[in-house]
Every structure is written in structure tokens, then in C-alpha cells.
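What follows is a single structure, written as C-alpha cells, with notes after it.
Every read-out reported here was derived from the displayed coordinates using simple, explicitly stated rules and does not represent laboratory data. Because the structure is predicted, anything quoted here is derived from the model rather than measured. No Cβ is skipped: glycine too gets one built from the backbone with ideal geometry, and neighbour counts run over all protein chains shown.
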Amino acid sequence: MAYTDSKVQCIREGEEDAATLGFAKNKTVVLEVMHPCDLYAVGALIRVALDTDAAVLTVTRNILPRSAVGATAVAIVTIPTLTPAGKIVYKKCHILTVEAPVKLNAGDELKFVFADNGGGVYWKPWFEAYPRPETMDNNSDFIKSA
Amino acid sequence: MAYTDSKVLAIREGEEDAATLGFVRNKTVVCEVMHPCDLYAVGALVRVALTSEAATLVVTRRVTPYSDTDATAVASLTIPTLTVAGKIVWKAPTAPVKLNAGDELKFVWANTGGAVYWKPWFEAYPRPETKDNNSDFIKSA
């Protein structure tokens, strides 16, 4: 991640107005981890309101790019019916039954799977994470170039 | 920008070289707010220089996605003629603007500036609010 001492993504990159809708239901979205960090919460920013069909957003940690081998559960977020646009539905992270931050390593992925419900919903992934004060020199996820 | 305790978007996401031009004139660009923060300045990074025609960039705060209902002015900027590529033209609002999660920052570049290409720029400080008592956040079951 690009910004040490940072916690959440406060303001996103700019997009043309018509392109900001986000993702429809039944979509899988992946975020790449660029620096070791502790993940405290995940969720979704609702861009277009749900109808009366509630939705489930399942978040997992991939330790290999584009592979579910060794992946672990992070949280299952229930998006209530009729959640209006502009709201963020979130859940603190769980490891097994314990509510605890998830340690992400550089090169990991966060995979968000929005189920095939929620009607005409559009959404974008949301997260809260604190970088860990690790250095590249002694971190096996980083390889120093010759 | 991006992350609490940070101030500006120091380095953007990667794009293929050819895709980095940005936006032409006469475009509306939106940035979504993901955490409460105080906005101190807005502007534009000029990616391709303006011609001898100055331009205007109007920034507003939307409180509802895709809707100008109850939107409020943030700043109106004048981009000077011949502003060269690589410069950031900025303006501070009269007072810091309090943005809430779920808001949008809308940048409208007028149909002036010749062959300009640009990208939105801002400076904001996150507020130390918690999700649990913020009505813009809904805690999942």
C-alpha cells in the first residue's frame, strides 16, 4: 500500500461521472496488498441502493495471486435490504470465531465476492487497515534486486 | 488521497503509460469519499499543457451519489493559459470543507483549455471518527 501511517482509503481516485457506478451483484473484486498491514474491517460502499433482496459479501485473504490455495476467511458481511446509496456496510474482521485483525502480507490479495442478490445494487469494496512498521530488507515477501 | 493520517495522494495507482493522459476538457470527474475527512484544497494536475485559452474548474461536494440535490460549492479555480504539463493548479476553499463517508467530490472542467489533459487533485485530512457512531456506516449483522 502506498501510504504508510495510513488507515483507510479516504478519497478514491477520480473517474468520469458515468464510470463511477462500481460493481453489480454477482461480481468478484480483488485488491492487492503492497505492504504488510493489519486489516481491521472490510465492507462495501453502496453506490446504487439494494432492493428488498438482502445480499451477502464474503471477503477472503488469498496468499497466492489468483489462487484460492491457502486462502482464509476474513469476514462475511450481510448487506441489509434497501440499504441506500452512499452508505458503507462494514464488519470487523474475524479469524475463526475471534474478532481480531487479520495480518496481511505484501503480495496477498483481498477477495470480495458479492452474491447474486441485492437487485440493482452497485457497490465498491471498502477496508480499514494499518500498515505494520516492517522493512523490506528482512521480509521474505520482498526480494532485493541485484 | 487515500489513507487516514495521510494528507494528499502522494502516488497514484499504476496505469499503462498510454492511459495516464487523464481527462480532456469539458469532462466531469467524480472522487468518492470513503472516510470522514476535512478538505483543505482542491485542484488539477495538468498532464498536457493548456493552449492560450484559460480554463475553469468547478468543484462541488455531493451528498448523494449521482445527484446534485443539496450539493454545495467547494471552489472555482481558474487554470492559467499555457499552464505547463506537470504543474498542479490548486485553490483552498474559504474554510475547510467537512466531507462525510459516501459523499462525492465532483470536478467539472469547462469546455476551454485547448488540448489540455488533467486529473483531479486534493488535500484532505481524515477526521478521527469511528464507524460505530457514524450514521454513514452500517454495521453488518
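Assorted remarks:
- Projecting the Cα positions of B:114, B:74, B:133 onto the charge dipole of region B:44-141 (unit charges on Cβ atoms of Lys, Arg, Asp and Glu, taken about the Cα centre) puts B:114 furthest along the positive direction.
- Chain lengthening between residue A:21 and residue A:99 when straightened (0.36 nm per residue, less Cα-Cα): 24.9 nm
- The phi torsions of region A:58-71, fed into the Karplus equation with coefficients 6.51, -1.76 and 1.60 and a -60° offset, translate into couplings of 10, 10, 10, 9, 8, 9, 10, x, 6, 9, 8, 5, x, 5 Hz, rounded to whole numbers, with Gly and Pro shown as x.
- Anisotropy class of region A:6-47 from Cα gyration tensor, a/c 1.5 cut: prolate
- For a label point 7 Å along the Cα-to-beta-carbon line of residue A:28, residues of region A:96-134 with backbone N under 14 Å: A:109-116
- Pairwise Cα inverse-distance average, inverted: Kirkwood Rh of region B:20-127 (Å): 13.9 Å
- DSSP loop GluC sites (Glu not before Pro) with at most 12 other Cβ within 10 Å: longest gap in chain B: B:17-141
- GNM remark for chain A: springs join alpha carbons under 10 Å apart, and the peak mean-square fluctuation among A:28, A:135, A:72 falls on A:135.
- The charge dipole of chain B, taken about its Cα centre with unit charges on the Cβ atoms of Lys, Arg (+1), Asp and Glu (-1) only, comes to about 320 debye.
- For region A:24-52 versus region B:66-112, the gap between their alpha-carbon centres in whole angstrom: 27 Å
- Take every pair of alpha-carbon atoms less than 8 Å apart whose residues are at least six positions apart; their mean separation over the length of chain A yields a relative contact order of 39 percent.
- Between A:108, A:53, A:38, the GNM of chain A built on Cα springs shorter than 10 angstrom shows A:53 fluctuating the most.
- With R₀ fixed at 41 Å, the C-beta to C-beta distance from residue A:13 to residue A:51 puts the FRET efficiency at about 0.90.
- FRET efficiency for residue B:38 and residue B:70, using Cβ-Cβ distance with R0 set to 30 Å, rounded to 0.05: 0.95
- Averaged over peptide A:73-79, the number of partner chain Cβ atoms lying within 10 Å of each residue's Cβ comes to 2.
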